[in-house]
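See structure below.
The values are calculated or read from the model by the stated rules, or taken from the named source; none is laboratory data. Model, not experiment: these values are computed from the prediction. A quick note on method: Cβ atoms are made from the backbone with ideal geometry, for glycine too, and the neighbour counts reach across all protein chains shown.
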Amino acid sequence: MPLTLTPWEASRLPRESDLEALTELAALAAELSDHPWVLLTRQAGDTAMPLTRHGLSPERAARIARALVPDGAAAIEGVASHVGVPLPRDSGQADTLWVLSPEPRRPDALTRQRLGGLARLAAGLLDTHQHLEESRRAATRQTQLLEAIKRASATGFCLLNANGEILDLNEEAARFLDLPQETLIGIDPVSLTLSSEAERIRRLLGACLEHGLRVRGHWPLLAGDGALRVAEVSVERLRLDDEAYLFCVIADKTLERLDETLRDAKAHTLREVTLENALPEILSSIGGAIDYHRPGAGVLITHVHDGALDIEFASAPELLGGGCPAPEANQRQPAFYDEATPPFSLASGCCAIQADYRAWWRYPLLSEDRRRVLGDLWVLVEESVRPAPAEDNFLTSLAQTAAFAMERQDQFEALRERAEVDPLTGLANRSQLAEALEVPRGTRPPALILIDLDDFKAVNDTHGHQAGDAVLVAVAERLRGSLRDGDTIARLGGDEFLVVIPGTSAENAQQIADKLLEALSPPVPWQGEALRVTPSLGVILAEAEEPPGRLLQRVDEAMYRAKRAGKGRVHAELL
């Protein structure tokens, strides 16, 4: 903003030039009175001090002033004639205009009249000077008071001109915006406003300036570090020297807004976890909260799942175009990287977090017992900065919320898997089998093959349960290798396995059973030994709309007929 003189300053300069005219006035008094020496004195108690002089050195002027008395009756060494004319001061001060001569002089009436006029002129100049000094002192007091308030106030405030530019602000306001005071002078604060709110803020400021409306509310501003600051601002119009200004009082509400956002994110996460929604949907509120409070930042949330690193959330599609460093098993605290130590040096091909960023913040997602790292929350920042303490706490809490969601989802998946899958062999269990046994009306019924391992108890008794488990796992693998993807293989418990072959013929069911007998007959190698078990297989064809309980009963009877016939064989009831 160009500097201009205020009306007060503009009037001050001619006043100071008028004050310099006292010297010329003294010279004029000497000329009019035919006295070579002139003194303008001020009485202070019993002595007088010179204010201005003519024809005298400073030392002699001071000596003569001390000897002068208002009535002029005292004799003064070296002075034969002196005449004093009191100045009619508004303040009542005892100021006198003296004319002096080393020779006798007697001013006539006209000269005294002229000296009286000069005395009145001098009084006017001195009154003007006094008013000027009083104004200066008042302005100095006001300035010092304002500066003291600016320094001491825990509340930020700033003054805007009619163009909306910052004329002045205190340190607290500059600290709130994380920018130097001198940098902020002259800028439009709306340019620092969150883009989605800028037009609304500009309209409110315009209404305040034009109509004198008082405005109060939240003003979201982007600080020097790129993070969002939320101010509660009270704005009112002031008129100074017939110019309109806006005075803004600023209270920092960023922490309250962070807490509010954090509560919303936690509530959303808990609701989504309860509904068992997909993890990316659950994490979306966390990514959205970060994006709001640090506009322009990238957000990635990674998750170690089934031995692989998955990107569960990305704030922008381009962030999905590459890998990320894997979580570090021993990391328990956030890590901050910059251009000197970028995180993509930790692993090759990490272009997902590399482009267009100058700082990378990594928050580990820890299990509830803090023993496992489930993944990472990455915040990718365009400025080479670290988060302020409030933002760091905010991101740490969001990371804890994300870890909570991640761990609960992992637990839900594990529970579902245990409910549907046999933990030893990975085959379906009875719960999942029920779906395969349901035959919709109008479809071809399936074939069922029940397999029981002959003399399996002897393996456990002779070699231990680890050997028995090895046999069961080997049987499961051989069954998978012998059947189609659409066939269902289930472990019913112990050493019994059931195969459901949908929509097949009796001939095909017989062929599959014979194939399984052949696949399961070879011994299972274990710790240098060959564990031999033979399977007995029962085969049936389901009837239309036959209840699952009846199906299992019939196939069980067929399997026992195979055992009674000598074990290690197939018994089919397909007619």
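Numbers for the structure displayed
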item	result
Strands (runs of 3 or more DSSP E) wholly inside segment 483-575 containing at least 2 residues that are more than 60 Å from the chain's Cα centre (by Cα)	524-526, 529-531, 534-541, 570-573
Test: residue in segment 165-181 that is in contact with a helix residue (DSSP H, G or I) (Cβ under 9 Å, 6 or more places away or on another chain), in a strand (DSSP E or B) and aliphatic (A, V, I, L, M)	yes
Whichever residue in segment 223-251 is in a loop (DSSP other than H, G, I, E, B) and more than 17 Å from the chain's Cα centre (by Cα) and, among such residues, is surrounded by the most Cβ atoms within 10 Å (Cβ to Cβ)	D241
Tally of residues being surrounded by 14 or more Cβ atoms within 10 Å (Cβ to Cβ) and either of a type in the set (A, V, I, L, M) or touching an Asp or Glu at 6+ places or on another chain (Cβ under 8 Å) (or both) across segment 168-186	10
Test for T155: is it within 23 Å of A388 (Cα to Cα), modelled with pLDDT of 90 or more and touching a strand residue (DSSP E or B) at 6+ places or on another chain (Cβ under 9 Å)	no
Check on Y292, surrounded by 13 or more Cβ atoms within 10 Å (Cβ to Cβ), in contact (Cβ under 8 Å) with a residue 40 or more places away in the chain, over 23 Å from the mean Cα position of the chain (by Cα) and under 30 Å from V230 (Cα atoms)	no
Residue check for G468: at pLDDT below 90, in contact with a helix residue (DSSP H, G or I) (Cβ under 8 Å, 6 or more places away or on another chain) and farther than 23 Å from A278 by Cα	no
Pair list, Cβ < 7 Å and 6+ apart or interchain, from segment 465-488 residues that are more than 19 Å from E435 (Cα to Cα) and touching a residue at least 12 places away in the same chain (Cβ under 8 Å) to residues that are surrounded by fewer than 18 Cβ atoms within 10 Å (Cβ to Cβ) and polar (S, T, N, Q)	G468/N460
Residue satisfying all of: in segment 80-132; acidic (D, E) and surrounded by fewer than 18 Cβ atoms within 10 Å (Cβ to Cβ); nearest to G55 (Cα to Cα) among these	E103
So A562, is it buried (at least 17 other Cβ atoms within 10 Å of the Cβ), hydrophobic (A, V, I, L, M, F, W, C), modelled with pLDDT of 90 or more and in contact with a strand residue (DSSP E or B) (Cβ under 6 Å, 6 or more places away or on another chain)	yes
Cβ-Cβ under 8 Å pairs, at least 6 apart or on other chains, segment 198-210 side assigned by TED's automatic domain parsing to the domain that holds S234 and assigned to a helix (DSSP H, G or I), far side surrounded by 13 or more Cβ atoms within 10 Å (Cβ to Cβ) and aromatic (F, W, Y)	I201/W219
